[in-house]
1. Using only the alpha-carbon atoms, how far is helix 218-230 inclined from the longest principal axis of the chain? Give it as 0 to 90 degrees, nearest 10.
2. Multiply the residue separation of Ala187 and Phe254 by 0.36 nm, subtract the distance between their alpha-carbon atoms, and state the gained length in nm to one decimal.
3. Using only alpha-carbon positions, what ratio does the radius of gyration of the chain give when scaled by 2.2 N^0.38 Å?
4. Sort 33-45, 118-130 for me by packing, meaning the mean count of neighbouring Cβ atoms within 10 Å per residue, highest on top.
5. Expressed as an acute angle from 0 to 90° and rounded to the nearest 10, what is the orientation of the C-alpha long axis of helix 161-171 relative to the principal long axis of the chain?
6. Taking the Cα centre as origin and putting +1 on Lys and Arg beta-carbons and -1 on Asp and Glu beta-carbons, what dipole magnitude results for the range 22-311, to the nearest 20 debye?
7. What is the pair-distance distribution P(r) of the range 88-207, computed from all Cα-Cα distances in 10 Å bins starting at 0, with each bin given as a whole percent?
8. Arg40's amide H: which non-local residues (gap 5+, or another chain) put their own amide H closer than 5 Å, with H modeled 1.01 Å from N in plane and none for Pro or chain starts?
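Computed from the coordinates by the stated procedures, all read-outs in this text should not be read as laboratory data. Everything quoted here is computed from the prediction, not taken from an experiment. Positions of Cβ are backbone-derived with ideal geometry, glycine not excepted, and every protein chain shown enters the neighbour counts.
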Amino acid sequence: MFKRFRYRRINEATRLQYRETFLRKSDFIWPVFIVQGTGRKEEIPSMTDVFRYSIDTLLDEIRLLVPQGLSSLLLFGVPEHKGIEQVFDANGIVQSAVKAIKREFAELEVITDVCLCSYTADGHCHIGDNDATCEILAKIAVSHAGAGADIVAPSDMMDGRVYFINKALRENNLSKVKIMSYAAKYASNFYGPFRSAADCAPKSGDRTNYQMDFANAREAMEEIAADIDEGATQIMIKPALSYLDIIAKARARFSMPIVAYNVSGEYQMLKSAVDNGTCNPAIIEETLISIKRAGADRIVSYFTPYILQRLNK
Ligand code: PBG
């Protein structure tokens, strides 16, 4: 005797009856890079088909994508000149973008990256002292929330930043704004393309003394538990693909929404493989499904515009 499975796979209709995991348009959060000025839509050499937008051209893009099902954005500001005073300026790039987007698309979820690395001269996510950095991160979060962001997403990996941000949001009557913490963010080589896109590569050293050691899984659970304790309302695991085990473990342990960040290096590897004909484009759906199958509720991905189009077919 043996068990038969192939009857499930006879055709697409039977495969559908047995399918366990689906991609939905609302699963996707689109990360975007914003620059100063107007009329700018600049190619990013390290990331094929990804652009840096000024606010007006970003709005044009959003006008096209919302009817296709875009429901969420993650904003990264890329300033013209370095200097951390701009990062919490009420009229900074990110704050102005949030206001402009919300004016036209009140329902669109707007998440902002809270970090310093595109603004510091040395390209690091901190100013030397952990707790002093947290004070600045809290100011950034308050400025983003004050501009109308729905969620702030600290990506710096300082200890206690969620505590500081949560406290500051409360003190400023902004406690309805949620905190999506990059709770388990690894010191990954997959961030390479992003660092040229956001001009945030460390000028010296690396980020291994604040981002997590990629050999660690148990510690990720501690990081997540700590952030939940400090007031995070959703947790991010980053990168996604080499960390599916972390997503699965976190899913088994925490009921909090889990977001996985399909980062720039993961994007570009697949994109190159598809563009040069090495792999079938369905590799993209296969990969994104694997992230959901592991247990992520939502996915931050540069493939968002592409996948919305696919899901509308
Ligand atoms: C900055 C930040 C990084 C990413 C998101 N926020 C880079 C880094 O930590 O060096 C990477 C995202 C990606 O690779 O797509 N703190």
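1. 50
2. Numbers: separation 67, 0.36 × 67 = 24.12 nm, distance 2.28 nm.
Contour length minus the Cα-Cα distance gives 21.8 nm.
3. Numbers: Rg = 19.5 Å, N = 313, 2.2 N^0.38 = 19.5 Å.
That ratio works out to 1.00.
4. On the way: 33-45: 14.9, 118-130: 17.7.
Most protected by this proxy first, the peptides run 118-130, 33-45.
5. For 161-171 against the chain, the angle is about 60 degrees.
6. Numbers: 30 positive and 37 negative charges, 135 e Å.
Computed charge dipole of the range 22-311: roughly 640 debye.
7. Histogram of Cα-Cα distances, whole percents per bin: 14, 44, 34, 8, 0.
8. For Arg40, the qualifying residues are Ser54, Thr57.
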